[in-house]
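First up is the structure itself, then whatever we jot down about it.
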Amino acid sequence: QVQLVESGGGLVQPGGSLRLSCAASGFTFSGYTMRWYRQAPGKERELVASISDTGRNTNYADSVKGRFTISRDNAKNTVYLQMSSLKPEDTAVYYCSVVVGIWYWGQGTQVTVSS
């Protein structure tokens, strides 16, 4: 079965950096677009970034362009989200996701940006 396990969240000061990882299993990872979403308290879940199966194509929400970088290692079945210049408004639970017939989600990892 499809499993997605996020890690790397935590508490960071404004201006700091974090790298999130999402380890995938149960499907042919190299054949699917991967996505990172986030959900802040009281807000809807929003798409942060996506990366194509080969990693050649990436897309970002306007709010994170120039600060976040999505990447993947198909040999390790892992997708990453490098987050830099973090702001308090980046505080959210971050989820990775894949569509393999239906949507699959990880359990999420909490990112808190605060001084």
Worksheet, complete the sentence: Under the 7 Å Cα-to-Cβ spin-label approximation, ALA23 and SER84 lie apart by a distance in nanometres of 2.7 nm
Response to the item:
In order over the stretch 96-102: 3J(HN,Hα) from phi, Karplus 6.51/-1.76/1.60, θ = phi - 60°, whole Hz, x for each Gly or Pro, gives 9, 8, 8, 9, 10, x, 10
Worksheet item: Could you give me the ³J(HN,Hα) list for the stretch 34-46, computed from phi with Karplus coefficients 6.51, -1.76, 1.60 and θ = phi - 60°, whole Hz, x at Gly and Pro?
Response: 10, 9, 10, 10, 9, 9, 8, x, x, 10, 6, 5, 10
Fill in: Of all accessible heavy-atom area on the chain, the percent that carbon and sulfur account for (1.4 Å)
45 percent
Worksheet item: Tell me, what is a quarter of the convex hull surface for the C-alpha atoms of the stretch 53-106, in nm² with one decimal?
Response: 4.7 nm²
Fill in: FRET E, pair LYS43, ALA75, Förster distance 30 Å, beta-carbon r, rounded to 0.05
0.30
Discussion item. Based on the alpha carbons, how large is the Rg to Rh ratio for the chain when Rh follows Kirkwood?
Written reply: 0.95
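The values are calculated or read from the model by the stated rules, or taken from the named source; none is laboratory data. These numbers come from a predicted model, not from an experiment. Note that we place each Cβ from the backbone using ideal geometry, even for glycine, and neighbour counts take in every protein chain shown. Accessible surface areas use protein heavy atoms only, side chains included; no ligands, DNA or RNA. Shrake-Rupley method; radii C 1.70, N 1.55, O 1.52, S 1.80 Å.
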